[in-house]
Ligand code: ADP
Ligand code: MG
């Protein structure tokens, strides 16, 4: 154990440093804080972790009026000398027995009274002659004929302190208010944090590179780490209290920058390690390959598609393994881009793995790929959960023997021991459904394969940096020609019949419709029951002359396939479904989507759903059925959505409204957890930190300081660092 308390001291060791902190308290605190910040082992919870537990608000108690200056209803700290302290029993009207503890105190200008209920131990605290500061809301009592306060926050002044500048913790200053941490309330946390800050000396200020600390054109000089920690807990500059409350002070920036810097440095490092894991042989693109690619193309590519294909091919032909994220709004045509990359890889003698998040999507990719590649000698296989064990085994064997060139599958592809003879390209569709770790797991299967990740949800820039900071990014910012925005409307139940009429009309014109029911995780069974009942009712009562189909996540794979096949073939007119159709489904003939209980979905999710229509040439419609009694805020969100066709704009709003974790819809999304930084509020700091991190990484990858930062990042963001090979 070191002699001095430092930021890295374990909370469990606190009893050795601070008087009044027992072993049990330290253990309880470490356990509570650990679970709040996602550290599994309490032994790993440090002093720094506690100091990064920020207050959620502040109270300005800095003003110390004298007794004669008090006004009724005023919240203030008042310094008095205790003259009388007594407790006595009181019986309430209900016959309950309470103890009232009462203090009378004076300053040079007048007398006050303070009282507490049922806290007899306060007698030890408020001994006559002691000087105390009381904080609370003061009222004038005509009975006591003085100002009085009930249950005030209090602090006894240390006799040795200078009379004029008492060093108080809870009163006479701007004080932090914390959310309860297990049994630890604000007052206990405040004392402890104050004492820790006082006990810390020589806190090294090396969490950031100099260029970020000393200021620059974009950035004023920042406070030191220790000064920043003091300021975010016990702000001195109370005139800036608003910016501190909003966590927009320079002190907050100092701490957020450090988090962002460490994370982005870790991501840079992960990228570099992946590249160093092996130079790969660059693929070649010959005229024959170009010709083959042209032949398989079902349509003319958009300029945006051509551009991203060029970016991808340049990675494929390079000697560093590709790590690329392909973003593009729903329906922008990511699949054919993937197809082009696959052709290059297979022609160069490599195997390709294409992964999708659901079996339905795997089936769909399978159908498109077998159709598009029917004129080639490529050997395709689909590996899904639906296969018999013996069939799976056969496919695995074929992969290991290089008897299969392209395999399409779900997570099953990376589970178990799928081995590839010569895996050269991995394409992951609709990435936000896969955790970062899975991405890494798959990488371990091949020799530094090229990796292309395609996302469903357009991701705001700051979020993309935090999630995919180790990837290059390509964006398809153009929709295929002839697409018209999906006409979106919010409708109430009164107009339900007209909505159904409209569906009949569209189906009569040869088109198809989806009716989507929300899926609430906890009651999947109930939802399925609701969707099943709805489908039966719609078939019998509403659309007796049409064919109504049902699709939900609880059906067996074969059943799902059968329904999807029929829908694709136009044999089902109206598909009643849960959110299993959310991602990736492509049936261009479907032109109407009705969404029930749209208020239960996030906007990004609604956008994905809406993306299932408007994929063909026909004008398409999305109707959001607002339930009776919907809240005005929810309605406002739906209206915003209805008026906004752009997925990126929707994603930004969704992120601002719901926060990143909710928006991605997964806790295991691999998103790092920040204590101070916020991806929306501090997006600019993130950009700055990232630039600095990559500069450091390029210029001094092996410096001891860099290695030290990486070690810290490893402790702070185990997810981001996870599974480096
Ligand atoms: P997403 O990017 O959402 O995965 P898809 O790859 O499923 O989109 O493509 C959406 C639809 O647009 C598909 O029906 C696809 O065949 C079609 N498509 C893609 N690119 C073009 C293009 N350049 N011209 C015409 N249709 C296209
Ligand atoms: Mg897709």
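The values are calculated or read from the model by the stated rules, or taken from the named source; none is laboratory data. Only a predicted model underlies this, so the values are computations on that prediction, with no experimental measurement involved. Neighbour counts run over all protein chains shown; Cβ positions are idealised from the backbone, glycine included.
Got a sec? Which of 351, 327 is in contact with a strand residue (DSSP E or B) (Cβ under 7 Å, 6 or more places away or on another chain) and within 16 Å of ligand 2 (Cβ to nearest atom)?
Going through 351, 327 in turn, just one is in contact with a strand residue (DSSP E or B) (Cβ under 7 Å, 6 or more places away or on another chain) and within 16 Å of ligand 2 (Cβ to nearest atom): 327.
Could you grab me the full set of residues in the range 316-335 that are at pLDDT below 95 and part of a helix (DSSP H, G or I)?
334, 335
Can you confirm whether residue 375 is modelled with pLDDT under 95, in the same structural domain as residue 418 (by TED's automatic domain parsing) and closer than 25 Å to residue 556 by Cβ? Outline the logic, then answer.
Working: modelled with pLDDT under 95: yes; in the same structural domain as residue 418 (by TED's automatic domain parsing): yes; closer than 25 Å to residue 556 by Cβ: no.
No: the conditions fail for residue 375.
Kindly state which strands (runs of 3 or more DSSP E) lie completely within the range 548-648 and contain at least 2 residues that are surrounded by 23 or more Cβ atoms within 10 Å (Cβ to Cβ), away from ligand 2 (no atom under 16 Å from the Cβ) and touching a residue at least 60 places away in the same chain (Cβ under 8 Å). Let's see the steps before the verdict.
Values: elements: 548-551, 574-577, 590-596, 621-626.
The qualifying strands (runs of 3 or more DSSP E) are 574-577, 590-596, 621-626.
Test residue 271 against the stated conditions and say whether it is surrounded by fewer than 22 Cβ atoms within 10 Å (Cβ to Cβ) and within 16 Å of ligand 1 (Cβ to nearest atom).
Working: surrounded by fewer than 22 Cβ atoms within 10 Å (Cβ to Cβ): yes; within 16 Å of ligand 1 (Cβ to nearest atom): no.
No, not satisfied.
Evaluate the range 509-521: report whether one residue or more is in the same structural domain as residue 630 (by TED's automatic domain parsing), in a helix (DSSP H, G or I) and at pLDDT below 75.
Checked against the condition, which is being in the same structural domain as residue 630 (by TED's automatic domain parsing), in a helix (DSSP H, G or I) and at pLDDT below 75, the range 509-521 yields at least one hit.
Being away from ligand 2 (no atom under 16 Å from the Cβ) and either buried (at least 22 other Cβ atoms within 10 Å of the Cβ) or outside any loop (DSSP other than H, G, I, E, B) (or both) narrows it down to one residue among 398, 338; which is it?
398
Which of the numbered conditions does residue 280 fail, given that it passes all the others? Conditions: (1) in a helix (DSSP H, G or I); (2) farther than 30 Å from residue 679 by Cα.
Unmet condition: (1).
Given the criteria under 49 Å from the mean Cα position of the chain (by Cα) and within 30 Å of residue 246 (Cα to Cα), does residue 34 qualify? Working first, answer last.
Numbers: under 49 Å from the mean Cα position of the chain (by Cα): yes; within 30 Å of residue 246 (Cα to Cα): yes.
Considered against the rule, which asks whether it is under 49 Å from the mean Cα position of the chain (by Cα) and within 30 Å of residue 246 (Cα to Cα), residue 34 comes out as yes.
Counting only residues that are under 24 Å from the mean Cα position of the chain (by Cα) and at pLDDT below 90, which one in the range 383-427 is nearest to residue 363 (Cα to Cα)?
410
With respect to residue 89, determine if the residue is surrounded by fewer than 14 Cβ atoms within 10 Å (Cβ to Cβ), more than 38 Å from the chain's Cα centre (by Cα) and assigned to a loop (DSSP other than H, G, I, E, B).
Considered against the rule, which asks whether it is surrounded by fewer than 14 Cβ atoms within 10 Å (Cβ to Cβ), more than 38 Å from the chain's Cα centre (by Cα) and assigned to a loop (DSSP other than H, G, I, E, B), residue 89 comes out as no.
Could you please find all residues in the range 367-390 being within 14 Å of ligand 1 (Cβ to nearest atom) and surrounded by fewer than 21 Cβ atoms within 10 Å (Cβ to Cβ)?
Initial filter on the range 367-390 (within 14 Å of ligand 1 (Cβ to nearest atom)): 367-369, 371-372.
Result: 367, 368, 371, 372.
Taking the residues in the range 578-602 that are away from ligand 1 (no atom under 15 Å from the Cβ) and modelled with pLDDT of 90 or more as candidates, determine which candidate is farthest from the chain's Cα centre (by Cα).
Among them, the one singled out is 592.
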